[in-house]
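Notes follow the structure.
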Amino acid sequence: MPNSNTNIKKYSYLKDIQESNIKLENIYSITRKFERYEIKNGLVFGKGKNTKRTIEEIFETNNKINILIDLLNIGRLIYNDEMLEKENKEIYKYDNKYFEKPHIFIDISKINQDCKRKINNFFQKYGIIQNNNYNLNFFIRRVLDLYYTVELWNKIENKENYGEDWEKLQFILYPQYRSKNVNYVKKGIAANIQEKGLFQYEKNKYYIFDYFQFNCKTKTFQILNMCNDYITLAYYQLESVMISKENLDVFHKCKICGDYLDYERSSKEYCDSEECRKIRQRERTRKSRENKKRKELNK
């Protein structure tokens, strides 16, 4: 589907999503930006005055892979929190019905302040889709689904020493795909992404859909591919990257804290957090002093 806005930058390595033929730069969402956000009673609430974001603003946010990166960094923080117990569950209950889907359950009341801050920052950055609140338990469960899936793929692609995490991460796959055989694991990863992290009952609720409108600026009718869920959008982004990456390591991590880095600056080795900047500065100071001492000794 041709893009009506010719001024928007296209990213050549992000090709059409396989089979669905939906381009990332053509996926929009309807969001509301609030003045502030509050986590309370298992929900993320938007507070104060809110504004509906324009199509152009939404476009600029959602065609970037930063949504996927930001969600992965929330998942990484939860995964690495040793004080936060993760309970593996094979069955999920909804509306008095049981569904077979491996997922990780945590007590959201015990989430640490760093994690709450990152979640708050995520909604501050992107807004809340169609509503003034978001179920935090639902959000974190699906973020962990996404994080485990990507980490498995990273280990395979980077030919890492799988270690203890290998079996732990494989739990997110259906039992028939948990294996020492990498090909079976890859099939499991594909199965997870094909579902876009959804349960059966969710498939009619969170998806990509067509939206028909008249564009007053271009004076033309147009069809937009809309998305009503951030994590669904992140899975579509992930599909595209995995298909078109061509042996390019897209997901770089900070060498200090392990956060995923902005994909647009693949040469970066460190994130921009204040803590990591201080650590880098101390390391540069230490090396500078060592070099100075070495030069003095060699005089």
Checklist line | Matching option when the condition is modelled with pLDDT of 90 or more, open to solvent by 30 Å² or more (accessible area, probe 1.4 Å) and over 29 Å from LYS52 (Cα atoms), among GLN176, GLN194, GLN170 | finding: GLN176
Notebook entry, point to check: Of all residues in the stretch 68-83 being in a loop (DSSP other than H, G, I, E, B) and charged (D, E, K, R), which is surrounded by the most Cβ atoms within 10 Å (Cβ to Cβ)?
Noted result: ASP81
Notebook entry, point to check: Could you give every pair whose Cβ atoms fall below 6 Å, whose first residue belongs to the stretch 30-43 and is part of a strand (DSSP E or B), and whose second residue is at pLDDT 85 or above and open to solvent by 90 Å² or more (accessible area, probe 1.4 Å), counting only separations of at least 6 or pairs across chains?
Noted result: GLU35/LYS49
Check: Given the conditions (1) open to solvent by 10 Å² or more (accessible area, probe 1.4 Å); (2) of a type in the set (Val, Ile, Thr); (3) in a helix (DSSP H, G or I), and given that ILE91 satisfies all but one, which numbered condition is not satisfied?
Finding: (3)
Checklist line | Residues of the stretch 109-137 that turn out to be closer than 19 Å to GLU82 by Cβ and over 19 Å from the mean Cα position of the chain (by Cα), as a count | finding: 4
Item checked: Residue that is modelled with the lowest pLDDT, among those in the stretch 243-299 that are closer than 25 Å to VAL150 by Cβ and open to solvent by 100 Å² or more (accessible area, probe 1.4 Å) -> ASN247
Notebook entry, point to check: Pick from ILE106, ILE119, ILE111: which is open to solvent by less than 70 Å² (accessible area, probe 1.4 Å), farther than 17 Å from TYR37 by Cβ, modelled with pLDDT of 85 or more and among the β-branched types (Val, Ile, Thr)?
Noted result: ILE106
Check: If THR149 passes every condition in (1) without any contact (Cβ under 8 Å) to a residue 40 or more places away in the chain; (2) in contact with a helix residue (DSSP H, G or I) (Cβ under 6 Å, 6 or more places away or on another chain) but one, which one does it miss?
Finding: (1)
Item checked: Checklist (1) touching a residue at least 40 places away in the same chain (Cβ under 8 Å); (2) within 22 Å of SER240 (Cβ to Cβ); (3) open to solvent by 20 Å² or more (accessible area, probe 1.4 Å) applied to LYS97, failing item -> (2)
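The values are calculated or read from the model by the stated rules, or taken from the named source; none is laboratory data. Please read all numbers here as calculations on a predicted model, not as lab measurements. Cβ atoms come from the backbone with ideal geometry, glycine included; neighbour counts cover every protein chain shown. These accessible areas exclude ligands, DNA and RNA; they are computed on the full protein's heavy atoms, side chains included. Shrake-Rupley method; radii C 1.70, N 1.55, O 1.52, S 1.80 Å.
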